Every structure is written in structure tokens, then in C-alpha cells.
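Structure, as C-alpha cells:
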Amino acid sequence: MRIDNKQLKEFLLDSETIEKDKIGRVFDEAEKGGKKMGELLLEKKLITVEDLGKLYAYIAGVPFVNLEKQIVSRDILQIIPEPIAKKYKIVAFDKTDNSLKVAMLNPDDLQTIDFIKKKTGLKINPCLTTEDGMQFVLKQYERSLKAEFGDIIGNEEDNLSGNIIKKSKKNKTKSNKDLSKEAEDLPVIKVVDTLIKHAILESASDIHIEPDEKEVRVRYRIDGILHNAMTLPKKIMSGIIARIKVLSNLKLDEHRLPQDGRFKMEKDEYKISFRVNVLPIFDGEKIVMRLLDESSKGLTLEKMGLRGSSLEIIHREIKKPNGMILVTGPTGSGKTTTLYTIMDILNTAKVNISTVEDPVEYRMHRVNQTQINTKIGLTFAASLRALLRQDPDIIMVGEIRDHETMEIAMHAAMTGHLVLSTLHTNSAAGTLPRLLDMEAEPFLVASTVNVVIGQRLVRRLCPECKVSYSINKKELKTLEDNLDTNRMLDILKKTAELKGKIKADSDWSSLKFYKAKGCKQCNDEGYKGRLGIYEVLEVDETIEKLIMQSASTETIEEKARENGMIMMAEDGFTKAIQGITSIEEILRVTKE
């Protein structure tokens, strides 16, 4: 849509929505840099996307419509075919007897409007919408996949299962040739493609395909929680397994041993890498596919949920030329994502970053990534030993699993390298005694470890349907049984982000929290997306002394809290009062 900077400036001055001097400065900056004034206004947060859209629509003389929360009925949506909608960024969202309302990003595109008019025979009323609104409606074309899945099974099952039964009668043990043919059967390809596509649309992190005695259960892990997706007839299981094995370049005729593989899917909207594991179980073979989004824009520590003093400590410590930065938490708590985000901050042309991982989850530009292979003796320790001869500045070790890896990593940290790694412990303070349990020398731990980050992932409350409430006496008693509520209240009162939400004389009964309700936007879950809650333990002189004395986790934690460390649950409650997550989520992930 062609709206020049001068036009936009004049309309902004007339509307008086932004101060005149700011409009002038942004206009001059846009003209000098050859940029669009609208983009600069958004960048500087002087106007919202919706208000800018309304202004563009007013200038163009068309209505503005915000589709970010609008569910369009399938009958209206399908009036404009999906390929045309995606190519020309035009969607139908409302219809009367003889007219059709369409949303566009470029209402000046008269050729597309004319094409839709001829195709539908309806009067077309174009409206302007935002990029996010357009993407929200375009996704709804594909949300109907779940319904279409039943049609694939229904229409093709007889044909598919018939083929499989015939093969089974001829030969109970299928040959490689039979399995290859089965993997190429059209219904099987459709089924697997639909399972994968639907998982991508649901933003699932894992797909579980689990055979039972009589059926096959498919589940998606969404925001850390497993959800039943669909149930398939057992007859098509062998075809699905064969198809996924073909995609992952695995042995088709191996049914007794576990196998690991990978494959990628690339489209205009996404680039997803799949990590596949096949495990023999009593009723057949279970498949778990991990989805890794390689097209996702770089995360920042702030977006992940780090804030205040914790964020300052991490930024300070990662600038040091040597030492260890450890991230700790259970499986699936986002440790690797935190390390990748730190590496992304450190990744410049001036440093050599090398990693040893199992497996390599995300490819990073300018980072030398080594995948370990224990079958040929390429272990964490062996890879790390070789890597130290590669003149690295920064080393990332996927996980410290044994004494040997820990020892090499610590010596690397002592000899002028910055080492990033993960460890499985329940808290940041528990990491230091854990290293001593792995037979690390106390003086080595004290002198090499810079900072320990403990983390968990909590689900975000859906912003459309969350409801506020105050906790009652029974709920407060539950909190008192699990947490130090007096200390927590003091910390919440001192937290900068909560100024205005908590007063000096506030008690627990006067605080507002939020609960999940459920709506169409979040598929009645009440939650949408995840973020981290953290505790960041900086190893200062007082903590070093305790390490030298081989102090317990409790003693280290107590001293760290005296020094001002915010605990994971306390960080979680700050986010709960802000309406980002719920108390139930914090207790779910922090209970040990």
C-alpha cells in the first residue's frame, strides 16, 4: 500500500495524536534514512499497530478491520481459495446476500479485487487489516485439518487396510520391499503429512504416536502438557511407521532396536527440523518426534522472562573472558534455549564459539557445532578434549554428565575460556554441592563457576480470557505450607515492576491474582505459550568461602538469599501478580 511519508506526516499533524515536534523528528529521520515513517513510529513505540492501520485506512478511504481475534466461519473463508488468499494476502470474513467483505494488506490491488469479484459474482467491499490479523485468519484455513483428517481415514481406510491385510496373509514378516511400498501409499502419506502439519499449527513441541492393543493413539505436547490429538485404526500403524522411517532415513526392517533419525520440512511460513526416535514396545513401535523451529526469530533473555537484578547479573557475567556459566533444571525446562540465547548475544566475528552437543538441536551461524557419537567413541569428554586444540574463546557443552567431562570443562574455564553448560539439579544452589559430589575439587568449583541459573517453564495465561481474583484463607494456608509467604510479600513490595499494584500496607488478601478460564483463542485451555521463571546465583566471595567448606545446598541457598538472590517461586509470583501466569502453574513446576 503506497502511502508516502509526507502524506502520513500531514494526517498525523491533523489528527493531533502525537506531539508535533516528535512527528517532525521522525519524518526527518525517515527521509534521511530512506525509511518508511510508519515503521519508524512503530519502532519508537509512538503509535500502535492498530492505530497506524486505522490511519492508513483513513488515508486510503477504506474501512479498517482488526481480525486478530476474529474466528471466520469455514463457509465464508473457503469463498477465496487458500492458495489465492496466501499469495495475494486477501481473506473473506463477512458475507451478505450479494456482497462480500474482504480484508487486505493492500486495498489498492484492484486487479485482485476484480479477480475475486468475477470468481464469486459478488460485490467486493475491501477493508484494510494488520499483518498479524491477516496471519491469524490465514491459519484458520489449516485449523480445519483436524476435521479433514477423519475424511482421509474414512475414505482411504478400506483400501489401505485391504492392502496391508493382503500382504500380511502372504508373508507375516514384511520384506523391505513391502514396507517401502507401504510407505509410499497415498493414504499413508496424507495421514503422516496431516499429523505433522496439524502439530505445527498447534505449536506442539513433540508428537507421540503410541500403538495400543487395538488402536493407535496420537498425542501432542503443547506448552509442556500432553494432549490427546486423535485415535487411528491399528491397521494403518505399520504404514505410518514405514513412512516416518523413510523420511528419517532409518532401517525399515529393524523392529527390535531403538533408532534415531532426523528430517526437515520447509515452506514459506516455516522451517521445522524433526528429531525422530523409534522405540520397540509390547504392541509395536512407539514414535516420538521432537519439533524444532529453525525459522523462529532470535529470542532475547528479556523475552524469555528474565528481569531486574537477575538479568543484570547474567549480562555482567557473560562479558567475562573466562569461567563457567551453568544452567540447571529438569528435562524440558528450557536450559538449552537459554544457552543458545546467551551464545546468540556473544556470537560476533571477534570470537570463536564451539559446541559439543547431543544432539545438535538448532543450527547457529558462525558457531562450530559437534554432534557426539558414543558408538565410535566420540563422547562429550573426547570431543571437548579435541575442541580445546581448536583455539576456542567460548565453549558450550550440552550437558555435564560425568566426572571426566566436568574436569575438562573446569580446566578449560581456568585456562582462559568461557564455558557454558547444563546440569540436572533441582535448584541453582544445589548445583555447587552436585559438582563436589562428582569429585570436583572445592577450590576449582569456587574459582571457575561465575554464575548458576536455575529455571522452570510456566504456561502463560491467555490474555483474552484470564479472570482476576483474591486468594481466600484456605488458599493462603496452602501457600504457607509450601512457601515463606512473609519473605515473599516483602520481596513483592520491593519489586520495581509491581509499583502501583502493591502498596506498602498490602497483605495477601488484598493482592489480585489471575486464573485460567478458557476460550476459542486458547482452545479452552486458558493458557497460550510459555516463559521462564528463574533464580540466578552469582558466585561472590561469600559463596566461594562456603564452597571451600563443602557447605550444604541449604546453607548456600540461605546465604544467597541474604545476598539478595530472588528465588524461582518469588520470580513466579511477580509474574503472577502481573497477570502473566497463575499460582497453580508456579506451584506445579516448583514443587519438588
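List of remarks:
- For a straight C-alpha distance cut-off of 20 angstrom, the lysines reachable from Lys234 (same-chain residues fewer than eight places away being disregarded) are Lys146, Lys166, Lys167, Lys169, Lys170, Lys172, Lys174, Lys181, Lys190, Lys214, Lys245, Lys286.
- Cα→Cβ-extended label distance, 7 Å offset, between Asp283 and Phe443, nm: 6.0
- Helices that extend 24 Å or more along their long axis by alpha-carbon positions and average at least -1.0 on the Kyte-Doolittle scale are, among the DSSP H runs of the chain, 145-170.
- Computed as a quarter of the hull surface, the mean projected area of the alpha carbon convex hull for the chain stands at 34.0 nm².
- The listed residues Arg262, Arg219 rank as Arg262, Arg219 when sorted by accessible area, largest first, using a 1.4 Å probe.
- Net charge contributed by nearby residues that have their C-beta within less than 10 Å of Ala428 (K/R +1, D/E -1): -3
- Checking Cβ-Cβ separations below 4.7 Å across the chain identifies Cys127 as cysteines lacking any candidate disulfide partner.
- Near-label residues of region 392-419 by backbone N, under 17 Å of a point 7 Å along Cα→Cβ of Leu378: 396-399
- Cβ-based net charge around Asp21, under 15 Å, with every Lys or Arg adding one and every Asp or Glu removing one: +1
- Inter-label distance, Ser506 to Thr300: 2.6 nm, where each label sits 7 Å from its Cα along the C-beta direction.
- Set of aspartates and glutamates near Lys474 by C-alpha distance (under 19 Å), chain-local residues within fewer than 8 positions excluded: Asp484, Asp507, Glu584, Glu585
- With all protein chains modelled, accessible area of Met289 [1.4 Å, Å²]: 0
- Across Lys335/Lys591; Lys22/Lys303; Lys517/Lys575; Lys22/Lys44; Lys477/Lys515, pairs whose alpha-carbon gap is larger than 22 Å: Lys22/Lys303
- Secondary-structure-derived ellipticity at 222 nm for the chain, considering helices only, amounts to -13000 deg cm²/dmol, per-run term -39500 (n - 2.57) for DSSP H runs with n ≥ 4.
- Accessible area per residue for the chain is 51 Å², calculated with a 1.4 Å probe on protein heavy atoms, without ligands, DNA or RNA.
The values are calculated or read from the model by the stated rules, or taken from the named source; none is laboratory data. What you see is a predicted model, and the numbers here were worked out from it, not measured in a lab. Note that each Cβ is placed from the backbone with ideal geometry, even for glycine, and that neighbours are counted across all protein chains shown. Side chains are part of the model used for accessible areas, which takes the heavy atoms of the whole protein and leaves out ligands, DNA and RNA. Shrake-Rupley method; radii C 1.70, N 1.55, O 1.52, S 1.80 Å.
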